[in-house]
Amino acid sequence: MAKNYRLKGHGSFAIREGWITKALLAIQEYEKQNPDKNFFSKENFNGADSLGVGSNMALSIKFWLRVSGLIEQKNTHLTELAHIILQYDPYLENDMTLYFLHINIASNRQEATIWNLFFQTMSNLEFDRQKLEERMKETFESVFQTDYPIHSLENDCSVLLQMYVRQNTEDIDPEDNRICPFQRLHLISRHGKNYIRETQFDISGYAVLYAMKKQLQLKEPLRGHKVQSISIDELLQGCNSPGRLLNLTRISLNDALDELQNKGYLHVDRTAGLDMVYIAKDLPDKAEQIVKMYYEIGE
């Protein structure tokens, strides 16, 4: 039976500045010349030569592209989302691109297990490295009820912090390729030896809409039909909800919902304490099209 979790799939490498752009452009060019071949195949030295990195780093890049939703699971060809980003923001200059990719990573329990458990369960209260590891161990054991390599879980906690937190805010060299672009989102900050999840107050409604769409899609196989409505409570606290993945309070979530309602993407019913959200019928079915809408329509 295949495992429903994964630890240390990244090979101890957090995403580095420039990795995603370099990989997407390289794969795009490779697929033009070799439409039926796999960029990360042994024939292509697992992509290492084309990317100009070592084999372990190439495998890490492959992992991050997959959990970000940028390459297909089996053949590693570029996804629709990857082509949209290449068209509109290939150099990841727009922070919204990072929010879209973050949502894909943090909602992927099977491949990016610790990322999912962290954003699902870790509170906004301050925590240190030891408390983070203890909480992730407790949560992992409760969810999966199986033996696991403790060192790999601890390594995932370390890479997660490297990915979102600037370790030293002084004298940062913008050319340092160890910097992770996701640090720009300020989802986690450091205060001395402690860390805290930072509430996102002015986040674009498109990030919430994208996360909402993916959350609803997870419900469809269980219900057997297209899901077009959801409660505000579930959007705030439910599994893979915008509230949890994006560090939102009820106020910041409601602000984003009001923005989306004003754009005609959904309707919020707060009468008689219902607090329900109804997706507009003409909204695209695929979450990737939300990304394209953002780039074409903007804020």
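Quick notes
- Conditions (1) among the charged types (D, E, K, R); (2) assigned to a loop (DSSP other than H, G, I, E, B); (3) touching a Leu at 6+ places or on another chain (Cβ under 8 Å): number failed by ASP147: (3)
Condition check ((1) buried (at least 18 other Cβ atoms within 10 Å of the Cβ); (2) in contact with a strand residue (DSSP E or B) (Cβ under 8 Å, 6 or more places away or on another chain); (3) closer than 30 Å to LYS292 by Cβ) across all residues:
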residue: LEU101; (1), (2), (3): yes, no, yes
residue: SER107; (1), (2), (3): yes, no, yes
residue: ARG135; (1), (2), (3): no, yes, no
residue: ILE188; (1), (2), (3): yes, yes, yes
residue: ARG197; (1), (2), (3): yes, yes, yes
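- If you check TYR91, TYR99 for being more than 14 Å from the chain's Cα centre (by Cα) and among the hydroxyl-bearing types (Ser, Thr, Tyr), only one passes: TYR91.
- Looking across the range 10-58 at every residue that is part of a helix (DSSP H, G or I) and touching a residue at least 60 places away in the same chain (Cβ under 8 Å), the one that is farthest from the chain's Cα centre (by Cα) is identified as LEU25.
- Residues that are in a loop (DSSP other than H, G, I, E, B) and out of contact with any helix residue (DSSP H, G or I) (no Cβ under 9 Å at 6 or more places or on another chain), drawn from the range 150-166: none
- Leading residue by the ranking (surrounded by the most Cβ atoms within 10 Å (Cβ to Cβ)) among those in the range 283-294 that are at pLDDT 90 or above and over 13 Å from ALA207 (Cβ atoms): GLU288
- Of the criteria (1) surrounded by 16 or more Cβ atoms within 10 Å (Cβ to Cβ); (2) in contact with a strand residue (DSSP E or B) (Cβ under 6 Å, 6 or more places away or on another chain), which one HIS267 fails: (1)
- Some residue of the range 17-31 being at negative phi, of a type in the set (Phe, Trp, Tyr) and modelled with pLDDT under 95: yes
- Flag if LYS214 is touching a Ser or Thr at 6+ places or on another chain (Cβ under 7 Å), over 30 Å from ASP128 (Cβ atoms) and surrounded by 15 or more Cβ atoms within 10 Å (Cβ to Cβ): yes
- Positions within the range 59-86 being over 17 Å from the mean Cα position of the chain (by Cα) and in contact (Cβ under 8 Å) with a residue 60 or more places away in the chain, in sequence order: LEU86
- Every pair of residues 6+ apart whose Cβ atoms lie under 7 Å, when the first sits in the range 105-129 and is closer than 19 Å to GLU141 by Cα while the second is assigned to a loop (DSSP other than H, G, I, E, B) and of a type in the set (Gly, Ala, Ser): GLU111/GLY9; ASN116/SER107
- Answer residue from the range 109-120, given it is assigned to a loop (DSSP other than H, G, I, E, B) and of a type outside the set (D, E, K, R) and is surrounded by the most Cβ atoms within 10 Å (Cβ to Cβ) among those: ALA112
- Taking the listed residues TYR195, TYR210, TYR265, the one that is touching a Gly at 6+ places or on another chain (Cβ under 9 Å) and of a type in the set (Phe, Trp, Tyr) is TYR265, with no other qualifying.
The values are calculated or read from the model by the stated rules, or taken from the named source; none is laboratory data. In this text the structure is predicted, and so the values were computed from the model without any measurement. When we count neighbours, we look across all protein chains shown, and the Cβ atoms used for this are built from the backbone with ideal geometry, even at glycine.
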